[in-house]
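Trainee: One structure coming up, written as structure tokens, with questions to follow.
The values are calculated or read from the model by the stated rules, or taken from the named source; none is laboratory data. Computed from a predicted model, the values in this text were never measured in an experiment. Neighbour counts are summed over all protein chains in view; Cβ atoms, including those assigned to glycine, are modelled from backbone coordinates with ideal geometry.
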Amino acid sequence: MNDVDIIKSKIDIVDFLSEYITVKKAGRNFKALCPFHAEKTPSFYISPDRQTWHCFGACAEGGDIISFLEKWEGVEFLEALQILAKRAHVTLSGYQPSEGLAQKEKLYKIHTLAKEFYHYLLTTHKIGERAREYLEKRNVRKEIIETFSLGYAPNQWDGLSRYLLKKGYSNEDLLTSGLVVRSDRGRFYDRFRGRLMFALRDTRGNIVGFSGRVLPPAPEKEAKYINSPETPIYIKGNTLYGLDVTKEAIKKEGKAIIVEGEIDMLASYQSGVANVVAIKGSALTEGQVTILRRYTEEVLLGLDSDFAGNEAARRGIEIADKAGLTIKVIQLVTGKDPAECVAAGAHLWKQSVASAVPVYDFVIESAIKRFDRQDVSGKKKIGAMVVPFLSKITNSIILSHYVKKLAKLLEVSESSIETMIDQSKKRQVLTPIIAVKSKVMDREDRVEEHLLSLIIQSDSPIQTLMSVNEITSADDFVQSAIGKVMKKLTDYAKTHDTFDVKAFASLLPTELVPLFDRAFLVDLSTLLSDQKRFTKEVIGAASVIRKNSLRRIVANLSTQLRSIEESGDEKAAEKVNESIRLNLEKIRELEKSLSGKVK
């Protein structure tokens with residue numbers, strides 16, 4: 001076996017994917033909501049026998065544990081292989097990392113060293129005393145400092161740079177990492193100086209960047225926070241602070257609390273509300289929503305109360321709504337942010353979280369509080385604030401509910417609200433979305449794949465194949481790939497009494513394996529539990545394929561006949577007519593036989 005096969009043999013796909021998504025037994029396979037597109041009904045199936053997965057929904061993707069990790073983490077094949085090799089305790093041989101992967105590995109190491117440098121200064125060195133005092137004042141406990149690797153960047157131009165250069169890295173490496181900046185004169189200096197440091201991690205726990213908070217009292221012109229720039233390992237819109245630690249709590253609670261800053265996130269976590277992550281600002285990005293959807297279907301926004309007037313926040317809510325997430329808003333019982341609320345009492349923060357309201361109710365309530373709804377001008381302002389949010393709602397039932405609610409509160413007709421929503425939609429500048437459409441199979445294709453699934457998933461595949469071969473043959477299939485698999489199956493049956501799915505799959509050409517795996521993953525549990533119905537389904541599918549084949553033959557003969565008749569060759573025409581008659585007779589006999597077999 002090669003390295004890939006060894007890794008796949010050591011990591012069970014069901015156990016592995018269960019760490020990322022919620023899976024349920026479905027006959028001999030397992031099913032789940034697809035993590036790669038929004039859906040309410042599970043279309044994602046996993047085969048423990050074949051160690052493969054396939055989505056039968058919108059994305060129509062499939063593969064093994066390696067391709068799953070590639071797609072989940074957004075990494076290339078070799079990086080996914082390295083992650084899995086480490087998990088399986090396999091030493092890879094014969095694989096050379098690409099230039100891009102080698103650069104990523106270097107950047108991860110640089111950031112890990114930077115984290116250790118900052119953390120040491122905060123927790124041990126005298127230079128971090130001021131930052132320690134600040135954290136103590138904010139009631140941030142030592143275990144939180146350790147869990148989240150908090151640190152302190154010294155107020156020096158090149159404190160970190162000198163440390164990393166001694167570790168063997170070049171100025172160009174440090175520049176690429178984003179931890180160092182080059183001045184107009186070509187001088188290198190540390191990006192973060194005199195700041196409390198928060199390590200930003202990806203979902204696997206790799207440190208990809210930092211956020212630095214200035215310590216009070218700070219100069220007026222000094223930015224409160226500065227962040228790492230985007231690099232080959234850090235994309236701001238794909239990062240959720242704390243997720244590597246809190247993702248299990250999010251899955252357990254079934255909801256994710258979104259706050260704006262690291263201090264708010266840490267305060268919530270320390271208070272016992274651990275299903276929380278932080279974003280930069282008040283706007284959720286598409287990347288963040290995609291990540292959150294993997295762990296939950298509900299998000300609670302603990303953001304600035306002013307976010308209702310923020311266009312970027314509106315776009316974030318639209319993205320979350322389109323992804324199928326339920327969105328609620330946390331209204332603080334006390335304090336201007338979650339950290340202040342926690343400081344007043346952990347129970348008050350928990351109470352605020354428990355009382356979260358649907359986002360559209362919050363937006364309407366915010367507008368009503370801000371403007372006078374008894375005044376015509378106030379009604380106009382309320383509509384201007386609320387309608388852009390309502391125009392983003394994709395569910396018609398939810399939209400109708402809020403149209404009625406707003407119309408009642410403003411004492412206007414529902415049609416006037418609907419008109420405003422239509423006008424708002426027309427004003428919106430829509431970004432064209434290029435949809436990647438999977439191949440839409442016609443009815444014949446579907447029947448052929450269905451029959452293949454029936455054969456290879458049956459309790460006795462060899463016996464089922466023999467029953468099918470009494471009705472049809474490999475030449476009857478429109479899809480040449482399925483015809484080839486059927487021929488392979490027939491050849492296999494000649495030398496085997498029982499069907500071994502792994503042994504058979506190993507005999508298939510590489511290009512036919514995805515088709516075979518897809519057929520093996522289709523959920524047939526209901527049919528397989530009823531033998532009589534299953535037999536009827538097999539005979540019916542085989543008969544449809546055979547009839548379709550005969551009809552194609554008749555159609556081709558009819559085309560030939562027209563050409564022959566035009567040429568005046570009566571003998572040839574008579575011969576073709578006889579062939580047409582015989583094939584039509586075969587169709588009638590097949591239908592008669594079928595009606596007798598499946599009663």
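Trainee: Would you be able to tell me the number of residues in the range 171-230 that are surrounded by fewer than 20 Cβ atoms within 10 Å (Cβ to Cβ) and part of a helix (DSSP H, G or I)?
Mentor: 5
Trainee: How many of the residues in the range 231-252 are surrounded by fewer than 21 Cβ atoms within 10 Å (Cβ to Cβ) and either in contact (Cβ under 8 Å) with a residue 24 or more places away in the chain or closer than 25 Å to Val180 by Cα (or both)? Steps first, please.
Mentor: To start, the set of residues in the range 231-252 that are surrounded by fewer than 21 Cβ atoms within 10 Å (Cβ to Cβ) comprises 231-232, 235-238, 244-245, 248-249, 251-252.
Imposing the further condition that a residue be either in contact (Cβ under 8 Å) with a residue 24 or more places away in the chain or closer than 25 Å to Val180 by Cα (or both) reduces the set to 231-232, 235-238, 244-245, 249, 251.
Count: 10.
Trainee: Of all the helices (runs of 4 or more DSSP H) wholly in the range 10-105, which have at least 1 residues that are among the small types (Gly, Ala, Ser) and under 30 Å from Leu527 (Cβ atoms)? Full working, then the answer.
Mentor: Working: elements: 13-18, 65-73, 77-88.
The helices (runs of 4 or more DSSP H) meeting that bar are 13-18, 65-73.
Trainee: While we're looking at this one, here's another question. Return a yes/no flag: does the range 272-294 have any residue that is farther than 26 Å from Leu348 by Cα and acidic (Asp, Glu).
Mentor: So the first thing to find is which residues in the range 272-294 are farther than 26 Å from Leu348 by Cα, and the list is 285-291, 293-294.
Right, trim to acidic (Asp, Glu) and you get 286.
Scanning the range 272-294, I find at least one residue that is farther than 26 Å from Leu348 by Cα and acidic (Asp, Glu), so the answer is yes.
Trainee: For the condition under 26 Å from Ser458 (Cβ atoms) and among the hydrophobic types (A, V, I, L, M, F, W, C), what is the one hit in Leu33, Leu17? Please lay out each step first, then the result.
Mentor: Numbers: Leu33 fails: under 26 Å from Ser458 (Cβ atoms).
Only one candidate qualifies: Leu17.
Trainee: Within the range 68-101, work out how many residues are among the basic types (Lys, Arg) and more than 22 Å from Tyr45 (Cα to Cα). Give the steps one after another, and end with the answer.
Mentor: Restricting attention to the range 68-101, the residues satisfying the condition of being among the basic types (Lys, Arg) are 71, 86-87.
Now drop any that are not more than 22 Å from Tyr45 (Cα to Cα), which leaves 86-87.
Total meeting the criteria: 2.
Trainee: May I ask you to verify whether Leu301 is assigned by TED's automatic domain parsing to the domain that holds Glu260, crowded, with 20+ Cβ neighbours inside 10 Å and in contact (Cβ under 8 Å) with a residue 12 or more places away in the chain? Walk me through how you get there before you give the answer.
Mentor: Working: assigned by TED's automatic domain parsing to the domain that holds Glu260: yes; crowded, with 20+ Cβ neighbours inside 10 Å: yes; in contact (Cβ under 8 Å) with a residue 12 or more places away in the chain: yes.
Yes, satisfied.
Trainee: What's the number of the only condition in (1) more than 47 Å from the chain's Cα centre (by Cα); (2) at pLDDT 85 or above; (3) closer than 30 Å to Lys536 by Cβ; (4) of a type in the set (Lys, Arg) that Lys592 fails to meet?
Mentor: Single failed check for Lys592: (2).
Trainee: Could you say which residue among Thr231, Thr285 is touching a Gly at 6+ places or on another chain (Cβ under 6 Å), under 23 Å from Tyr360 (Cα atoms) and either of a type outside the set (A, V, I, L, M) or assigned by TED's automatic domain parsing to the domain that holds Leu215 (or both)?
Mentor: Working: Thr231 fails: under 23 Å from Tyr360 (Cα atoms).
That would be Thr285, the only listed residue that is touching a Gly at 6+ places or on another chain (Cβ under 6 Å), under 23 Å from Tyr360 (Cα atoms) and either of a type outside the set (A, V, I, L, M) or assigned by TED's automatic domain parsing to the domain that holds Leu215 (or both).
Trainee: Oh, and also: Of all residues in the range 65-79, how many are in contact (Cβ under 8 Å) with a residue 40 or more places away in the chain and either of a type in the set (Val, Ile, Thr) or surrounded by 19 or more Cβ atoms within 10 Å (Cβ to Cβ) (or both)? Walk me through it before giving the result.
Mentor: Residues of the range 65-79 in contact (Cβ under 8 Å) with a residue 40 or more places away in the chain: 65-66, 68, 72-74.
Remaining after also requiring either of a type in the set (Val, Ile, Thr) or surrounded by 19 or more Cβ atoms within 10 Å (Cβ to Cβ) (or both): 65-66, 68.
Matching residues across the range 65-79 total 3.
Trainee: Turning to a different aspect of this structure: All but one of (1) outside the structural domain of Ile553 (by TED's automatic domain parsing); (2) over 23 Å from Arg315 (Cβ atoms); (3) at pLDDT 90 or above hold for Met466; which doesn't?
Mentor: (1)
Residue-by-condition table, conditions (1) small (Gly, Ala, Ser); (2) more than 14 Å from the chain's Cα centre (by Cα):
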{"position": "Ala26", "(1), (2)": "yes, yes"}
{"position": "Lys31", "(1), (2)": "no, yes"}
{"position": "Pro42", "(1), (2)": "no, no"}
{"position": "Gly62", "(1), (2)": "yes, no"}
{"position": "Trp72", "(1), (2)": "no, no"}
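Trainee: Could you please tell me which pairs satisfy a Cβ distance under 7 Å, a separation of 6+ or placement on different chains, a first residue in the range 387-408 that is over 19 Å from Ala320 (Cβ atoms) and assigned by TED's automatic domain parsing to the domain that holds Ile421, and a second residue that is surrounded by fewer than 20 Cβ atoms within 10 Å (Cβ to Cβ) and polar (S, T, N, Q)?
Mentor: Ala407/Ser413
Residues are listed down the side, and each one gets a yes or a no for (1) over 30 Å from Ile462 (Cα atoms); (2) without any contact (Cβ under 8 Å) to a residue 60 or more places away in the chain:
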{"residue": "Lys536", "(1), (2)": "no, no"}
{"residue": "Ala542", "(1), (2)": "no, no"}
{"residue": "Arg546", "(1), (2)": "no, no"}
{"residue": "Arg551", "(1), (2)": "no, yes"}
{"residue": "Leu557", "(1), (2)": "yes, yes"}
{"residue": "Ser563", "(1), (2)": "yes, yes"}
{"residue": "Glu585", "(1), (2)": "no, yes"}
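Trainee: Taking the range 324-353, which residues are of a type outside the set (Val, Ile, Thr), part of a loop (DSSP other than H, G, I, E, B) and surrounded by 19 or more Cβ atoms within 10 Å (Cβ to Cβ)?
Mentor: Narrowing the range 324-353 to residues of a type outside the set (Val, Ile, Thr): 324-325, 328, 331-332, 335-341, 343-352.
From what is left, the residues that are part of a loop (DSSP other than H, G, I, E, B) are 324-325, 331-332, 335-337, 345.
Selection gives Leu325, Leu332, Asp337.
So that you can scan it fast, the table gives a plain yes or no per residue for (1) hydroxyl-bearing (Ser, Thr, Tyr); (2) within 24 Å of Arg446 (Cα to Cα):
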site	(1), (2)
Lys488	no, yes
Phe499	no, yes
Glu511	no, yes
Ser543	yes, yes
Leu557	no, no
Ile564	no, no
Lys571	no, no
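Trainee: Now for a separate question. Going residue by residue through the range 147-158, is there one that turns out to be surrounded by 15 or more Cβ atoms within 10 Å (Cβ to Cβ) and either assigned by TED's automatic domain parsing to the domain that holds Val245 or of a type in the set (A, V, I, L, M) (or both)?
Mentor: Keep residues of the range 147-158 that are surrounded by 15 or more Cβ atoms within 10 Å (Cβ to Cβ), which gives 148-154, 158.
Filter once more, so that each one left must be either assigned by TED's automatic domain parsing to the domain that holds Val245 or of a type in the set (A, V, I, L, M) (or both): 150, 153.
The answer is yes, given that some residue of the range 147-158 is surrounded by 15 or more Cβ atoms within 10 Å (Cβ to Cβ) and either assigned by TED's automatic domain parsing to the domain that holds Val245 or of a type in the set (A, V, I, L, M) (or both).
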